[in-house]
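Heads up, the thing below is written out as C-alpha cells.
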Amino acid sequence: MKALGIMGSPRIGGNTDLLLDQTLAGLQSKGVVTEKIIVDRLKLQPCREYYACYRDGNCSIRDDMDDVYSKLLDADIVIVASPIFFYSVTAQVKALIDRCQALWARKYILKQSPPDTGRKGVFIGVGATRGQNLFSGSKMTLKYFFNALGVSYADELLVRGVDKKGEIKDHPDLLAAAYELGRRLAEI
C-alpha cells in the first residue's frame, strides 16, 4: 500500500507540516509506504486553459506536475494538508488541484477509468480562526479533486484556532489524533 502526502503550506515545520508528518508516521507504523510532496518547493505553473488535455488527457505544460500526476494515480491514499487562507486551501495547493484538470478530462471527456476506486482521500486543514464555515469551501474543493482522481473522501482532521508556527506542539491530543488517523487509514 502507498500513501502520498501533499503538504500545501509554505511554512515548513509549521502546524500543517507537523500534523501531516504524524499522519504519515501512523501509516508507516502499519507498513504503508509513504511519500511527501512539498508543493511550495515544486515548479508549477497554473492551469492556462489550453484544453490540450481534452485531446489525450495530458497537460501541455511541462513542469514538476509531470511527476506529480503519476504519484497521484499510484497512491492508494492521498492526503492533502493545507492551512486555511481566506476560507480556502493555499494558492500552492489550488494550483496543483487546478492542474489536475488533465485527470478530470481523462475521466469525464475521454471516458478513461481512473485507478481502482477503493482509493482513499484525506484532508488535513488548519485554520487560525474558529469560524463555523472555516473548512466548508476547502472540503468541497477537495471532494471534487478526489473525485477526479477516482479517490473517495474518506476522512479528515480539521483544526481550528491554531496559527503560530509550531503551536500545534501545545496540543499533543491533536498530534496523537493525526498519528491515529494514519493508523486508521492503513486499515480501511
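Values in this text are rule-based calculations from the coordinates and carry no lab data. Everything numeric here is computed off the predicted structure, so don't read it as measured data. Here Cβ is always computed from backbone atoms with ideal geometry, including for glycine, and neighbour counts include all displayed protein chains.
General observations
- Whole-Hz ³J(HN,Hα) from phi, Karplus 6.51 cos²θ - 1.76 cosθ + 1.60, for the range 120-126, glycine and proline x: 10, x, 9, 10, 10, x, 10
- Virtual spin-label span in nm between Ser113 and Arg62, 7 Å along Cα→Cβ: 3.3
- Axis of helix 136-149 versus longest Cα principal axis of the chain: the two differ by about 40°, to the nearest ten degrees.
- Summed residue charge, Cβ within 13 Å of Ala3's Cβ, Lys/Arg positive, Asp/Glu negative: +2
- Antiparallel content of DSSP bridges confined to the chain, in %, to 5: 5
- Choice from Thr117, Thr34, Thr23 showing the highest fluctuation, given a GNM over the chain with Cα pairs closer than 10 Å: Thr117
- Within straight-line cross-link reach of Lys2, lysines at Cα separation under 21 Å, skipping those fewer than 8 residues along the same chain: Lys30, Lys36, Lys71, Lys120, Lys143
- Projecting the Cα positions of Met1, Ala128, Tyr50 onto the charge dipole of the chain (unit charges on Cβ atoms of Lys, Arg, Asp and Glu, taken about the Cα centre) puts Tyr50 furthest along the positive direction.
- Environment charge of Ala186, counting only residues whose C-beta is closer than 12 Å and scoring Lys/Arg +1, Asp/Glu -1: +1
- The stretch between Ser136 and Asp163, if pulled fully straight at 0.36 nm per residue, gains 7.9 nm over its current Cα-Cα span.
- Mean separation of Cα contacts under 8 Å (6+ apart) over length of the chain, as relative contact order %: 31
- The structure shown yields Rg and Dmax of the Cα atoms in Å, and of the options [x] 18.6, 62; [y] 17.9, 60; [z] 15.9, 51 that calculated value carries the label [z].
- Loop-located trypsin sites (Lys or Arg not before Pro) in the range 24-80 (DSSP state other than H, G, I, E, B) with a sparse environment of at most 11 neighbouring Cβ atoms within 10 Å: Lys43, Arg62.
- Lys, Arg +1 and Asp, Glu -1 on Cβ, resulting dipole of the chain about Cα centre, debye, nearest 20: 320
- Among Ser138, Ser70, Ser152, Ser60, the ranking by other beta carbons within 10 Å of each residue's beta carbon, starting with the fewest, stands as Ser70, Ser60, Ser152, Ser138.
- Taking the C-alpha atoms only, the angle from helix 65-74 to the longest principal axis of the chain is near 80 degrees.
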